[in-house]
Amino acid sequence: MNSLLQTKVGDIRDGEILALIDELEQVCRVGSRDFVNLPLALFLTQCVYPDGPAKRVPITTKYTPSAPLLESRVGKLPEGPLRVLCDELALFAGEALEFFHSRKVYVLLNQALPKHATVKAPGARQTRWEAVVHRRRSNRG
């Protein structure tokens, strides 16, 4: 069985997953047309990082009039492609689907999609220490 997360967005034919993609397009500033030849996982990740890896923007349905699939509780989903996708997302997050039963689908997406590491600028103490190390090495010789 093929993984839904690895299926190209253009190859998805299931109405439930297509409806989820439509809801995500309404909620996020990302269009699925740019991902026709790319895996669904990349589209979902782009929904959380619309401006690139520098800033994560969690998916929310607060400003959307209707997003029934994203608002669905994971534990109440009937057997079908959306439940399979949620199961894959849970495994991707390193948890069992039962861990997310009381959460909504959009919360599962926020928690399961990868978080890009942010590089913090060195603090004043670290900068002073690096300057001391640099001076000592340059004095050696």
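Worth pointing out:
- In plain terms, the chain from Leu38 to Ser66 could stretch by 7.4 nm, reckoned as 0.36 nm per residue minus the Cα-Cα distance.
- Positive minus negative residues near Glu98 (Lys, Arg vs Asp, Glu; Cβ under 14 Å): +2
- Relative contact order, percent, the chain [alpha-carbon distance under 8 Å, six or more residues apart]: 22 percent
- Here r is the Cβ-Cβ distance between Lys115 and Asn139 and R0 is 30 Å; the resulting FRET efficiency, rounded to 0.05, is 0.10.
- Hz values of 3J(HN,Hα) by residue in the range 56-69 - Karplus curve (6.51, -1.76, 1.60), Gly and Pro given as x: 8, 10, x, 6, 9, 9, 4, 9, 10, x, 8, 8, x, 6
- Quotient of the Cα radius of gyration of the range 17-141 and 2.2 N^0.38 Å, N being its number of residues: 1.51.
- In this simple spin-label model, placing a label point 7 Å from the Cα along the Cα-to-Cβ direction at both Trp129 and Gln6 gives a separation of 4.2 nm.
- Computed helical MRE - 222 nm, the chain, DSSP H runs ≥ 4 contributing -39500 (n - 2.57), nearest 500: -12500 deg cm²/dmol
- Dividing the alpha-carbon radius of gyration of the range 22-82 by the rule-of-thumb value 2.2 N^0.38 Å gives 1.20.
Here, each number is a calculation from the coordinates, and none is a lab measurement. Source: prediction; values computed, not measured. Every residue, glycine as well, gets a Cβ built from its backbone with ideal geometry; the counts of neighbours run over all protein chains shown.
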